[in-house]
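The values are calculated or read from the model by the stated rules, or taken from the named source; none is laboratory data. Keep in mind that this is a model prediction, so the values were computed, not measured. Positions of Cβ are backbone-derived with ideal geometry, glycine not excepted, and every protein chain shown enters the neighbour counts. In case anyone asks, the SASA skips ligands and DNA or RNA and just uses the protein heavy atoms, side chains included. Shrake-Rupley method; radii C 1.70, N 1.55, O 1.52, S 1.80 Å.
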Amino acid sequence: MRSLDDKARKAKGKKAAIGPDIDLDAYSLESPAHADVRDLKILPQADREKMALAGLDISEGERAGTYIQKDAISIHSGSQQDGLEIIPIKKALKELDWIQDYYWKLASVDTDKYTARARLDLQNGYVIRALPGKKITLPAQACLYLEKEGFNQNVHNIIIAEEDSELHIISGCASASHVTRGLHVGISEFYVKKNAKLSFSMIHHWAEDVVVRPRSVGIVEKGGLFLSNYICMKPVRSVQSYPTIYLVGKGAVARSYSLLVGSPGSELDVGGRIYLKAKETRAEIVSRAITNGGNIISRGDIIGEVEGVRGHLECHGLILNGGLMHAIPELKGMVDGVELSHEAAVGKIAQDEILYLMSRGLTEEEATATIVRGFLSIDIPGLPAPLKAEIDHAVDLSQQEVM
């Protein structure tokens, strides 16, 4: 543990490999006190409304369990389904010896100053675990919430789908209506064991001047499936996210989907990398991005290291009202017998498509909205109905702002 701290201290000033640099000292680490909340219905109405926009179901009727953190304080955690564990990570580090087998085992503390900050100034975060053989079909939910203006929230999350289990998570990030600026640093480590299935859907609903620095790494064992969905369609100052997934067992599969909207002033540098390290592994990275005046860099990288693996990368972008759209697809085949492909396109809505829909009775605005809605619709296989409904709802809420 001491060596990890030493590495983090050495990396305190290390800039990220990509994206704009951020002055960490411009944000506060002093969190106000927040009381435990046993019944989510007693949360203030304004908080409930904001959290709902990030996918939180206050009634918990369609959820298997819940974790909520305000600023640095865990205010609610618990499971409603047998075989599902939801624990604040600080509690897990104190009480569970086995958590050391997972904590900082995939992510590196010395990657950059953000990972160093998360290590040295950890506030909380969650451990969500499906026990061996348990099928948790209702989504578990988590919400990381900024209530203090100018606060730097540092979290570490560990997600484990044990052998032959099934786990679905919807993780929402949001800020209170009075918050205008803040910094969120999040470390997430994903473990998908043999023949397990994990889907993780992240919905961001931050304020316009919030900076977000997630650092995520996942590993998928033999026969495992990892679905990762990222939705950022609301104004935000800067997001820099480049999760890495390692497929290490025969037949492991990873699929990554992103829906992005860049509003004026936003800087989104989002993508993902998947390593195919075992036979018969498969990977798919799909991105849909619209710039409405912001700057978007959409990255994707698939590396085939053994024969008989397959990967596909798809990146499509629309420029509606100015801004920058930069697609960076990368494929690397390291041996004979890999099958890797990609398609990337950046452009605008075709005028003939608008005219066709107008000929069917739609106004120009309605026609454009219909095309945008279709562009953002991605068929994500393997999601339970409640989770798919939340993703569709997030897209619907954002469509009007896009226009």
Tabulated pairs, segment 74-103, first farther than 19 Å from R38 by Cα, second of a type in the set (S, T, Y) and surrounded by 17 or more Cβ atoms within 10 Å (Cβ to Cβ), C-beta under 7 angstrom, 6+ apart or interchain
L93/Y103; Y102/Y191
Name every residue in segment 51-61 that is open to solvent by 10 Å² or more (accessible area, probe 1.4 Å), closer than 21 Å to H204 by Cβ and part of a loop (DSSP other than H, G, I, E, B), in order of residue number.
L56, D57, I58
Residues satisfying the stated conditions in segment 248-279, i.e. farther than 17 Å from S188 by Cβ and hydrophobic (A, V, I, L, M, F, W, C):
V248, A252, V253, L259, L260, V261, L268, L276, A278
Filter segment 247-274 for residues that are surrounded by fewer than 23 Cβ atoms within 10 Å (Cβ to Cβ) and among the hydroxyl-bearing types (S, T, Y) and give the result.
Y257, S263
Scan segment 62-102 for residues that are part of a helix (DSSP H, G or I), over 21 Å from the mean Cα position of the chain (by Cα) and closer than 25 Å to E147 by Cα and jot them down.
K90, K91, A92
Which residues, counting only those in segment 346-374, are outside any helix (DSSP H, G or I) and in contact (Cβ under 8 Å) with a residue 12 or more places away in the chain?
V346, G347, K348, I349
Report, by residue number, each residue of segment 152-210 that is of a type in the set (D, E) and open to solvent by 10 Å² or more (accessible area, probe 1.4 Å).
E162, E163, D164, E166, E208, D209
Would you call Y242 open to solvent by 10 Å² or more (accessible area, probe 1.4 Å) and more than 23 Å from L24 (Cα to Cα)?
no
Restricting segment 335-362 to residues that are in contact with a strand residue (DSSP E or B) (Cβ under 9 Å, 6 or more places away or on another chain) and closer than 21 Å to N321 by Cα, the residue that is most open to solvent (accessible area, probe 1.4 Å):
K348
What single numbered condition from (1) open to solvent by 10 Å² or more (accessible area, probe 1.4 Å); (2) under 28 Å from I18 (Cβ atoms); (3) touching a helix residue (DSSP H, G or I) at 6+ places or on another chain (Cβ under 9 Å); (4) modelled with pLDDT of 95 or more fails to hold for P235?
(4)
Right, A254: within 20 Å of S171 (Cβ to Cβ) and modelled with pLDDT of 95 or more or not?
yes
Condition first: open to solvent by less than 30 Å² (accessible area, probe 1.4 Å) and within 26 Å of E267 (Cα to Cα). Can you find one or more residues in segment 4-17 that meet it?
yes
What pairs come out if I take residues in segment 226-253 that are within 19 Å of R288 (Cβ to Cβ) and among the aromatic types (F, W, Y) and pair them with residues that are at pLDDT 95 or above and open to solvent by 20 Å² or more (accessible area, probe 1.4 Å) whose C-beta lies under 7 Å away, six or more apart or interchain?
Y242/R273
Which one of these is open to solvent by less than 50 Å² (accessible area, probe 1.4 Å), in contact (Cβ under 8 Å) with a residue 12 or more places away in the chain and over 21 Å from the mean Cα position of the chain (by Cα): L40, L29?
L40
Counting only residues that are in contact (Cβ under 8 Å) with a residue 60 or more places away in the chain and open to solvent by 20 Å² or more (accessible area, probe 1.4 Å), which one in segment 133-149 is farthest from the chain's Cα centre (by Cα)?
K148
